[in-house]
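*Asks:* Sending over a structure as structure tokens; questions will come in a sec.
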Amino acid sequence: MKRMLILLFWGALLFPLSTTAEDGVKTDRLRQLINAAGVHPSASSLEPVWRALQELPIAQLIELSRQDSNNYFEQGWFELARDYRLVTTSQQDSRLDQWQARWFHHPAKVWLPYLKQAVPRASVPDRVERLGVLLPLSGQFAEQGREVLAGMRAALEWDRRQGYAVPQLQIHDTGAVEELPEFLSQLAEEGAPDLLVGPLRPELTQQLTRMQSVPVLALNRAGGEEFNGYQLDLASDQELRQLIKQIRQDGHRRVLLLAPADEAWVEPLLAWIEQLSVSQELVIQDRLRYEATPERLSWQLGQVLGVNASRERAQQLAQLLPEAPKQEARHRRDIDAVLLIARPDEARLVKPILNYHRADALPVYAGSHLFTGKVDAIQDRDLEGIVFCDMPWRLRQRPGRSPSSSFFALGLDAGSVYRALPQMRAGASGYFEGETGHLRLVRGHRLQRSLPCARFVRGEPRLITTAD
């Protein structure tokens, strides 16, 4: 718990940067994005360029902007990102105007209106003395709300024991709140907290569609672009983004996508995976919505892998020839990886059946739904070799320990990351090492979670090098 609660890494501000092979790959990819944008780009084509620039530490941006080998396009982008990050929010418009005066023909000028129109983040004081908490402590989501609150209290208690000043908690139950803007206005009149954490209920967070008088750290997807607070959530799109990066890093491009047939929650994930795959140059070669009974699943996988057809051809040949040559059924060769969406019981069926169909050499990547959060080498022996990405809190569980709620980990991060928000808002490089992932505020109001990935080895998840 010590590591996750107090470690903040602002590398460019505190420590010199060392260049790694991974940094070189990222820089090469960034240069490719910049030069591929062309002379007359659209704003949508420039967003990946800007996102990649924002992910670099400020010290690396400064170093890149000084390199004599930069071409015209690269130099302009490096200077724009450097200037944007080196000034306070109040100075940004002036600095952007100065950049435009120097680079008035540069294609990045298309992106300037988006930078100037960005909604400023609500100001969180360097010292938070009153920390408001708005969580469901009664009703349908009470269990999750209590887990988040327990995690926040644990984080603050740890700080207290280390001699740090901790804020006073002001706890509110969302069960008594119907209109969030009205509640926030009332809260401001009664003595507003320096920061409000929550709510967790989606119908309330979606009401956060305009600038609020109280800085808010929402724990679910916030409503709109005009929301001027911050957002820390457990949505699985960030996990799947990390997984697709891992697939790419491992050199695979043509993927078979497997997902359960009767799970409604899967549809949005599949649409998002296919959209992200296009942007990451990953090809969804085929897609199967499988049924989770062993007989039916085996037949479906045999069909999509082409193994059934291979066996039928072998049988037909045996009927035509008096002594047919020995043949082994083979799976199709236009697939080099499998991406699996499955709950634990389903995943424990899929992998052995893939092996049975001679597809044991195909690497399998899966969403974290397949991991219960509790290490069980006996029960998970059939998941051998599967790679998945998950939050550090769950991957650090050990045999014999009961898995604690992901919402508890969310509370731990919410109860500690608030101290880093002023630096994040100012554009400081680095990340906050949390239990839900490495947290960054790259662009917009959402804290991005970079996650570690693991591979099942003898039934236990073992950490591997991440794609981040």
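*Asks:* Leaving out ligands and nucleic acids, note down the accessible area per residue over segment 184-294 with a 1.4 angstrom probe, in whole Å². All intermediate terms of the calculation are to be shown ahead of the outcome.
*Replies:* Details: 4610 Å² over 111 residues.
About 41 Å² of surface per residue is accessible.
*Asks:* How about segment 207-285: which trypsin sites (Lys or Arg not before Pro) there are in a DSSP loop, with at most 16 other Cβ atoms within 10 Å of their Cβ?
*Replies:* Values: sites: Arg210, Arg221, Arg241, Lys245, Arg248, Arg253, Arg254; in loops: Arg210, Arg221, Arg253.
Here the trypsin sites (Lys or Arg not before Pro) that fit, given the DSSP loop and packing criteria, are Arg210, Arg221, Arg253.
*Asks:* Another question about this same structure. Ignoring ligands, DNA and RNA, what percent of the accessible area of segment 403-457 is carbon or sulfur (1.4 Å)?
*Replies:* Numbers: 690 of 1380 Å².
Here it works out to 50 percent.
*Asks:* When the accessible area of segment 124-170 is split by element with a 1.4 Å probe, what percent falls to carbon and sulfur? Numbers along the way, then the final one.
*Replies:* On the way: 1050 of 2560 Å².
Whole-percent figure for carbon plus sulfur exposure: 41.
*Asks:* Sticking with this one: Tell me, what is a quarter of the convex hull surface for the C-alpha atoms of segment 178-285, in nm² with one decimal?
*Replies:* Numbers: hull surface 35.0 nm².
The directionally averaged projection comes out at 8.8 nm².
*Asks:* Separate question: Under a point-charge model restricted to the Cβ atoms of Lys and Arg (+1) and Asp and Glu (-1), what is the dipole moment magnitude of segment 144-298 relative to its Cα centre, in debye to the nearest 20?
*Replies:* On the way: 15 positive and 25 negative charges, 143 e Å.
Magnitude of the dipole: close to 680 debye.
*Asks:* Moving on. Taking just the C-alpha trace of segment 338-462, give me its Rg and Dmax in Å.
*Replies:* 17.0, 54
*Asks:* Express the accessible area of segment 93-143 per residue in Å², computed with a 1.4 Å probe while the remaining protein chains stay in the model.
*Replies:* Counting only protein heavy atoms, the per-residue value for segment 93-143 is 56 Å².
*Asks:* Put +1 on the Cβ of every Lys and Arg and -1 on every Asp and Glu Cβ in segment 154-248; which of Pro181, Gln206, Ala154 then has its Cα farthest towards the positive end of the dipole?
*Replies:* Farthest towards the positive end: Ala154.
*Asks:* Write out the chymotrypsin sites (Phe, Trp or Tyr not before Pro) in segment 191-282 meeting two conditions: DSSP loop, and at most 12 other Cβ atoms within 10 Å of their Cβ.
*Replies:* Working: sites: Phe227, Tyr230, Trp265, Trp272; in loops: Phe227, Trp265.
Of the chymotrypsin sites (Phe, Trp or Tyr not before Pro), the ones in loops of segment 191-282 whose Cβ has at most 12 other Cβ atoms within 10 Å are Trp265.
*Asks:* Let me ask something else about it. Suppose a student asked you for the relative contact order of segment 45-170, using Cα pairs under 8 Å spaced at least 6 residues apart; what percent would you report? Numbers along the way, then the final one.
*Replies:* Values: 74 pairs, mean separation 22.9, N = 126.
Reported relative contact order: 18 percent.
*Asks:* Separate question: Roughly to the nearest percent, how much of the accessible area of segment 212-299 is carbon and sulfur, given a 1.4 Å probe? Before the final figure, lay out the partial values.
*Replies:* Numbers: 1790 of 3760 Å².
Its accessible area is 48 percent carbon and sulfur atoms.
The values are calculated or read from the model by the stated rules, or taken from the named source; none is laboratory data. All of these numbers come straight from a predicted model, not from anything done at the bench. Ideal geometry is used to build each Cβ from the backbone, glycine not excepted, and the neighbour counts take in all protein chains shown. Protein only, heavy atoms only, side chains kept; ligands, DNA and RNA dropped before computing areas. Shrake-Rupley method; radii C 1.70, N 1.55, O 1.52, S 1.80 Å.
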